[in-house]
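Q: Encoded as structure tokens, here's the structure I'll be asking about.
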Amino acid sequence: MTKTISFNDLRRIKDSLPDGSIRQIADKLNVTPQTVRNYFGGTNYEFGKNCGVHIEPGPDGGIVVLDDTTIYDMAVEIIQAQNKED
């Protein structure tokens, strides 16, 4: 299922992840950590793949269409679990 979000909101989610979360998501999905970083707006395709993220210029950093929300959903779950602990 696709999801549309602003680029700045996507980056806020990435920045809210606790240390080690990128590797944790990558390990669960059997992808490189750089692939997860690319999902959140990174552009290092030498060590990571594109994950079906389409960015269009616009307000609030632009519009991002996520073809697959698996990484997004995992990140939100990690953040929610962290907030319950705080």
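The values are calculated or read from the model by the stated rules, or taken from the named source; none is laboratory data. All values derive from a computational prediction rather than experimental measurement. Here the Cβ positions follow ideal geometry from the backbone for every residue, glycine too, while neighbour counts run over all protein chains shown.
Q: Can you pull out the residues in the stretch 12-27 that are without any contact (Cβ under 8 Å) to a residue 60 or more places away in the chain and in contact with a helix residue (DSSP H, G or I) (Cβ under 7 Å, 6 or more places away or on another chain)?
A: From the stretch 12-27, those without any contact (Cβ under 8 Å) to a residue 60 or more places away in the chain are 12, 15, 19-27; that's our starting set.
Once the filter is applied, which keeps residues that are without any contact (Cβ under 8 Å) to a residue 60 or more places away in the chain and in contact with a helix residue (DSSP H, G or I) (Cβ under 7 Å, 6 or more places away or on another chain), the stretch 12-27 yields 21, 22, 23, 25, 26.
Q: I'd like the residue in the stretch 13-42 that is in contact with a strand residue (DSSP E or B) (Cβ under 9 Å, 6 or more places away or on another chain) and assigned to a helix (DSSP H, G or I) and, out of all such residues, is surrounded by the most Cβ atoms within 10 Å (Cβ to Cβ). So that I can check it myself, show each step before the final result.
A: Narrowing the stretch 13-42 to residues in contact with a strand residue (DSSP E or B) (Cβ under 9 Å, 6 or more places away or on another chain): 13, 38-41.
Still in the running and assigned to a helix (DSSP H, G or I): 13, 38-39.
Working: 13: 16, 38: 21, 39: 28.
Only one residue fits best here, namely 39.
Q: Separate question: Restricted to the stretch 52-82, and to residues that are modelled with pLDDT of 90 or more and exposed (fewer than 11 other Cβ atoms within 10 Å of the Cβ), which residue is nearest to the chain's Cα centre (by Cα)?
A: It comes out as 80.
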